[in-house]
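Working notes, structure below.
The values are calculated or read from the model by the stated rules, or taken from the named source; none is laboratory data. Treat the numbers as computed from the prediction; the structure is a model and nothing was measured. Positions of Cβ are backbone-derived with ideal geometry, glycine not excepted, and every protein chain shown enters the neighbour counts. Surface accessibility is based on the protein's heavy atoms, side chains included, excluding ligands, DNA and RNA. Shrake-Rupley method; radii C 1.70, N 1.55, O 1.52, S 1.80 Å.
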Amino acid sequence: MKAVGARLPRYDGIGHVTGRTTYVDDVRVSGMLWAKALRSPLHSATITSFDTSKAEAMPGVHAVITHADVPLLEYGHLSALGIPADEPLLAKDEVRYKGQPIAVVAAEDEETAMAAVEAIDIELEERTPLFDIRKAFDADAPKVHQWGNWYTHFEGEMDRRQIRKGSVDDAFDKADTIVQGVYRPAAIEHVPLETQVALVVPEASGRLTIYSCTQALYFSMGVVAAHLQVPLNKLKVVGGTVGGGFGGKVDTASETMCALLAQRSGRPVKWRWTREEEFLCSSTRAPWHMEIADAVTKDGWILGRKMLTLHDSGAYGRFSPYGLTKHSFHHTGAYTIPNLEFDGYVVFTNRVPTTAMRGFGVTSVSFATETHMSRIADVLGLDPYEVRLKNANRIGDTSPNRIVYTDPSTVSVVKALAGGMDVELQPEYAAMSRDPREGDLLPEHLVGQMANPEDH
Amino acid sequence: MNLTVNGTTHDVESGPLATLLDVLREELGVTSPKAGCEQGGCGACTVLVDGEPQRSCLTPVGALDGASVTTVEGLGAPESLSPLQQAFTHHYAAQCGFCTSGMLIAAEAYLKRGGTDDREAIQEALAGHVCRCTGYVKIIDAVAAVARGDSFDLTVTAPSPGMTNLGGVS
Amino acid sequence: MTQATEVLFPTSADEAVAHFGDGSDVTVVGGGTIVMPEITYGRLAPTKALVLSRAGLDTLDVAGTTVTLGAGLPVERLAALAQDVKALAQCALNVADYEIRLQATVGGNLCAGEGRDAPRGDLQGPLLALDAQARSVGADGESTEPLEGFLGRRAGRLLLDVTFEKPAASAFAAIDYAHTHEYTVLAVSGVRTATGETRLAATGLAGFGTRLRSAEAAASDPERAGAAAVADVSLGDDALASAWYRERTLPVLVHRVLGELEEAA
């Protein structure tokens, strides 16, 4: 483990500072065509007529691809995790978010590509969009998705991610106070400096070389192969250089669209998103709505937590069920709460589909939990560090999904924070460690949740 | 029209309203300036024009007849890195590297006009440059280091004074 | 579109004027910071583009107390007026960043149309407060008029320069939106002339920069002046701030500027 703690130079450091690192957009191939997309101008609409013939006939245009040209139109990115497909690569009869791609064109230059997009005739019948996840459950809410307004395919065809542990009703009965909070982090854009970009080069053998900015090269390869219905050995993906991703360059679609354009035109096709497309049409971190009610004692123990989460998945599922699942496992944050009632929903709205972004699923609940811990301290008139240290995860405690903690770092981190803020902890708290609970640190309500309660 | 780029003079074929960015990248194959936004908002396209830093995505090439453009390729090469290029390498000032070209050009111009290691002044000079990866601190560290006249050992990355070591388990 | 555009690079003011003609169907490009992205994104396809980078309009002339700024003067160069016209220099240096300021021109900034999402034309504020005179050409020949009037009828005019008298004192106060780039939400400029007259102007409004005449009339009472300023302007919601917010912060900026002018007296 010589590398740990060592100060190693980046292998690509010299390339970055000399302008030699090759990003996808820096790759030059002769005969390259430029791609542009026709995108939905409306949040929700049915497509009543659609004619690409003028665009196809335009001089300098080499290919126009629509839903009809995609061998497998819907492929679930996480079908391996049991999440069914729901999203067409290109819109078919309707559009569900503003910016949704309907057709892509490949032309000699950017200007011609833009003109070709303008030349596509399309008529849309606008529908009332749904944007507020809280309203998704109303009987008269607009219907967004073929599955209804929320995901219904968790294990056992459940329509929510549910966690039940111990008895929350008992905890609420025994509590001195209930502390409530509602937390609503907004969507966040990734804003990588490099916008979404793909270049696909058709080889004479029929194999496609795909230059991709993906963060997940083999994953993307699988997605492209699935949509194109070709074996993996028909694709060669060149990747590994990403101008910032942060989770936003895992969703795979531009590569597939360029691949179809390259196959149709027989020419290399590049598609580089504009910054406006990146802001308006690329996936974001999801907005969340979280309601927490904690049953607490006056000396700062958290006996139980009731929590409701609504996760805004946007128009399609993508990775949201996975994100919500992780969220549910971490919904007590860095703290041990023995009695739990958690319900989480993946809700569909007419927004750009949301996706992964740094710690996806978990950062939202970390924010909510930490804020809530401070709120508890505030309501009870207790020190916020002490409330955290008491309830901190320790060896032998269990997580919401019953994983036994063997190496939790809550105590050392909270103590380091106190140190960094020049806060002097009371001796009892300064002496705390992550060692298994005992004595005063093992009140009755925490015995049952421990891995081996009989040992303590 | 003629355009000298990193010492080589070219006869530009693109129309006069083509952006300098497009001319550099598409016509001349000089790809260090990046198309981060094409609206002057991110600084990834900045190059030196007659020594002054300028957004190449906002510059109609026709306005530059006879001008001399310098890009990162003209600052130094792997076997002969400029002090700033060395500093950026040693101080870990580049992560994804996409903003790095623009940052280096802006920093180069700043130092050439007498910029010091004053962090606020460096921030002011680099104000037009967005970085989404590094949080800027190490970029400023690198520029300040060059302003101070530091020398750099490229076999290791500079230590991070701001890091808190949580130490062993407790 | 860029191939079909006739692009002209006049090398003198007279040539620029001649090419501009009556201004019909001409897109004027100062530094390019506003026009070029519009072309890149396909929102603007000029048939004739008049690029002023070599027209010799990048002048800053000081003759005694009279200052003349060429329409092609880069915004950064206004830093030179920091001593004599503090508000103008401060306003200029608050625009964007060094690189943009080297390229953006006084003329481009003054004549910029309303931004799609956020206000433009920061320099209108101090120059209105300075009661600058704008010299321009167009269909009816050359004319010089107060900047205020010019802004209202600038379509079809080519701005050549603006002239003003150095003030006895000036002040500038702005609220910037804390962001990656600090866009200016609202700004107030104030000037006390050599003859003791107080002038105030604001930018970041719905529409152009505006003189705050009611506030000027109440200038001796900064509180009253602040409240009166709201009556002088039309406020709007945009990507940076709401009209509601601007209504509450305008009096604060007016107060601040008047306070600074008072101190400088």
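The table that follows gives values for the structure above.
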quantity	calculated
Answer from A:His153, A:His190 - the residue that is open to solvent by less than 20 Å² (accessible area, probe 1.4 Å) and under 23 Å from A:Phe348 (Cα atoms)	A:His190
Residues being open to solvent by less than 10 Å² (accessible area, probe 1.4 Å) and either within 14 Å of chain A (Cβ to nearest Cβ) or more than 13 Å from B:Val23 (Cα to Cα) (or both) - total across region B:50-66	5
Counted residues, region C:17-66 - those being closer than 17 Å to B:Gly62 by Cα, under 21 Å from the mean Cα position of the chain (by Cα) and small (Gly, Ala, Ser)	6
Verdict on A:Val346 being touching a helix residue (DSSP H, G or I) at 6+ places or on another chain (Cβ under 9 Å) and under 20 Å from A:Ser409 (Cβ atoms)	no
Counted residues, region A:385-404 - those being of a type in the set (Ser, Thr, Tyr) and either open to solvent by 50 Å² or more (accessible area, probe 1.4 Å) or without any contact (Cβ under 8 Å) to a residue 60 or more places away in the chain (or both)	1
From the options C:Gly259, C:Gly196, C:Gly226, residue that is in a helix (DSSP H, G or I), within 25 Å of C:Val85 (Cβ to Cβ) and open to solvent by 10 Å² or more (accessible area, probe 1.4 Å)	C:Gly259
Top-ranked residue of region C:19-64 - restricted to ones that are among the hydroxyl-bearing types (Ser, Thr, Tyr) and at the interface with another protein chain (Cβ under 8 Å from one of its Cβ atoms), ranked as surrounded by the fewest Cβ atoms within 10 Å (Cβ to Cβ)	C:Tyr41
Residue match in region A:222-239 (condition: within 14 Å of another protein chain (Cβ to nearest Cβ) and either open to solvent by less than 40 Å² (accessible area, probe 1.4 Å) or free of Cβ contacts under 8 Å to residues at least 12 places away in the same chain (or both))	yes
Qualifying positions in region B:1-39 - without any contact (Cβ under 8 Å) to a residue 24 or more places away in the chain, part of a loop (DSSP other than H, G, I, E, B) and within 18 Å of the chain's Cα centre (by Cα)	B:Gly29, B:Thr31, B:Ala35, B:Cys37, B:Glu38, B:Gln39
Test: residue in region C:141-153 that is of a type outside the set (Phe, Trp, Tyr) and closer than 18 Å to C:Ala174 by Cβ	no
Enumeration of residues in region A:113-124 that are open to solvent by 30 Å² or more (accessible area, probe 1.4 Å) and part of a helix (DSSP H, G or I)	A:Met114, A:Ala115, A:Glu118
Restricting region C:1-18 to residues that are within 14 Å of chain B (Cβ to nearest Cβ) and open to solvent by 50 Å² or more (accessible area, probe 1.4 Å), the residue that is modelled with the lowest pLDDT	C:Met1
Test: residue in region B:91-102 that is outside any helix (DSSP H, G or I), more than 13 Å from chain A (Cβ to nearest Cβ) and either open to solvent by 10 Å² or more (accessible area, probe 1.4 Å) or under 16 Å from A:Asp12 (Cα atoms) (or both)	no
Residue in region A:4-25 that is away from chain B (no Cβ under 12 Å) and in a loop (DSSP other than H, G, I, E, B) present	yes
The lone exception for A:Asp169 - which of (1) in contact with a Gly (Cβ under 9 Å, 6 or more places away or on another chain); (2) without any contact (Cβ under 8 Å) to a residue 12 or more places away in the chain; (3) surrounded by 16 or more Cβ atoms within 10 Å (Cβ to Cβ) it fails	(3)
Of residues in region B:67-85 being touching a strand residue (DSSP E or B) at 6+ places or on another chain (Cβ under 6 Å) and of a type in the set (Val, Ile, Thr), the one farthest from the other protein chains (Cβ to nearest Cβ)	B:Val69
Contacts under 6 angstrom Cβ, first residue in region C:233-253 being over 17 Å from C:Leu200 (Cβ atoms) and open to solvent by 70 Å² or more (accessible area, probe 1.4 Å), partner assigned to a loop (DSSP other than H, G, I, E, B) and at pLDDT below 95, 6 or more apart	C:Ala239/C:Asp117; C:Ala239/C:Ala118
The listed residue being open to solvent by less than 50 Å² (accessible area, probe 1.4 Å), of a type in the set (A, V, I, L, M, F, W, C), touching a residue at least 24 places away in the same chain (Cβ under 8 Å) and within 30 Å of A:Arg96 (Cβ to Cβ), out of A:Phe329, A:Phe342	A:Phe342
Output for region C:133-142, where each listed residue is open to solvent by less than 20 Å² (accessible area, probe 1.4 Å) and either out of contact with any Asp or Glu (no Cβ under 9 Å at 6 or more places or on another chain) or within 14 Å of chain B (Cβ to nearest Cβ) (or both)	C:Val137
Lone qualifier among A:Ala431, A:Ala356, A:Ala416 - being among the aliphatic types (A, V, I, L, M) and open to solvent by 50 Å² or more (accessible area, probe 1.4 Å)	A:Ala431
Output for region A:434-456, where each listed residue is surrounded by 11 or more Cβ atoms within 10 Å (Cβ to Cβ) and at pLDDT 90 or above	A:Arg434, A:Asp435, A:Pro436, A:Arg437, A:Glu438, A:Leu441, A:Leu442, A:Pro443, A:His445, A:Leu446
Filter result (among the hydroxyl-bearing types (Ser, Thr, Tyr) and not in a loop (DSSP other than H, G, I, E, B)) within region B:40-61	B:Thr46, B:Ser56
Some residue of region C:133-147 being in contact with a strand residue (DSSP E or B) (Cβ under 6 Å, 6 or more places away or on another chain), within 20 Å of C:Asp61 (Cβ to Cβ) and in a helix (DSSP H, G or I)	yes
Residue in region A:78-90 that is over 25 Å from A:Leu130 (Cα atoms) and β-branched (Val, Ile, Thr) present	no
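Let's see how each residue does on (1) open to solvent by 10 Å² or more (accessible area, probe 1.4 Å); (2) closer than 28 Å to A:Gly222 by Cβ; (3) without any contact (Cβ under 8 Å) to a residue 40 or more places away in the chain:
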{"position": "A:Thr256", "(1), (2), (3)": "no, yes, no"}
{"position": "A:Arg267", "(1), (2), (3)": "yes, yes, no"}
{"position": "A:Lys270", "(1), (2), (3)": "no, yes, no"}
{"position": "A:Trp288", "(1), (2), (3)": "yes, no, no"}
{"position": "A:Arg305", "(1), (2), (3)": "no, no, no"}
{"position": "A:Val352", "(1), (2), (3)": "yes, yes, no"}
